[in-house]
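Data block below; observations after.
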């Protein structure tokens with residue numbers, strides 16, 4: 001459609017061309033929205049925002065190079081008024097909190113795009129914050145959980161890569177006993193039965209990535 005002064009100008013950031021095309025087609029069918037531009041990674045997103053100054057950014061989280069959370073933080077640091085909606089397949093509470101802390105105004109699962117995309121764009125453009133109830137419930141469920149320390153995250157990431165305690169210790173320059181102590185704390189904090197369960201929980205919640 002042709003842009004007017006009242007149109008909501010939307011920037012789409014996603015590394016999958018088909019996803020960008022699909023969202024662009026939906027936006028094209030709206031009388032109050034117009035596609036401002038597209039970007040395929042976080043670096044391009046920051047550059048596109050500087051050039052286009054869109055009203056709303058739709059930001060994928062996991063992209064090569066500069067990821068979505070880094071891009072959100074970079075955009076908001078320079079343009080605090082920026083309104084950014086995260087689009088992702090990942091519902092992990094830690095990932096959501098990171099995105100919102102970086103400055104996102106909305107969080108939308110790609111599985112809900114057909115039903116909620118347009119209303120979410122309009123709400124965020126109007127100044128509201130938008131997080132689906134099931135995502136908010138996940139955040140609330142773990143609100144009082146004790147976070148993993150930086151070293152515990154390193155240990156768990158190494159374990160997730162399939163490394164035994166001895167190799168984890170060698171990689172991190174610590175003793176095998178220290179690794180075991182960290183794993184004991186990790187299991188307790190995550191409520192996990194064993195190493196495999198801890199890794200599964202951590203991936204699901206967005207604490208670590210493979």
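Within region 62-146, all pairs of alpha-carbon atoms sorted by distance into 5 Å bins from zero give the percentages 3, 15, 25, 25, 20, 10, 2, 0. Summarised as an ellipsoid, region 101-141 has semi-axes of 17, 14, 8 Å, derived from the eigenvalues of the Cα gyration tensor scaled by 5 and square-rooted, with the largest first. Shape class of region 79-198 from the Cα gyration tensor (axes a ≥ b ≥ c, square roots of the eigenvalues): prolate, since a/c reaches 1.5 or more and a/b is larger than b/c.
Is the shape of region 8-141 rounded, prolate or oblate, going by the alpha carbon gyration tensor and its root eigenvalues a ≥ b ≥ c, with a/c under 1.5 for rounded and a/b larger than b/c for prolate?
Note, shape of region 8-141 comes out rounded.
Per residue, the average separation of C-alpha pairs within less than 8 Å and at least 6 apart gives the chain a relative contact order of 15 percent.
Of the listed peptides 124-134, 156-166, what is their order by residue-averaged count of other C-beta atoms within 10 Å, with the highest listed first? Before the final figure, lay out the partial values.
Values: 124-134: 14.2, 156-166: 16.9.
Averaged packing, sorted descending, gives the order 156-166, 124-134.
The label-point distance for residue 171 and residue 53, in a model that sets each label 7 Å from Cα toward Cβ, rounds to 4.7 nm.
FRET efficiency for the residue 111 to residue 143 pair, using the beta carbon distance and R₀ = 30 Å, is estimated at 0.80. When the Debye formula is applied to the Cα atoms of region 150-205, each taken as the same point scatterer, what base-10 log of I(q)/I(0) results at q = 0.14, 0.17, 0.28 Å⁻¹? Log10 I(q)/I(0), no solvent term: -0.30, -0.44, -1.18. Inter-label distance, residue 129 to residue 101: 1.4 nm, where each label sits 7 Å from its Cα along the C-beta direction.
For the pair residue 161 and residue 194, a Förster radius of 22 Å applied to the C-beta separation gives a FRET efficiency near 0.85, rounded to the nearest 0.05.
Divide the volume of the convex hull around the Cα atoms of region 58-98 by the residue count and you get 69 Å³ per residue. Under the simplified labelling scheme, the residue 185-residue 203 pair shows an inter-label distance of 2.5 nm, with each label point 7 Å from Cα along Cα→Cβ.
Cα centroid distance between region 174-210 and region 75-111, in Å? Their Cα centres are 26 Å away from one another.
Quick note: the coordinates plus some simple rules give every number you see, no bench work behind them. Here the structure is a predicted model, which means the values were calculated and not measured. Neighbour counts run over all protein chains shown; Cβ positions are idealised from the backbone, glycine included.
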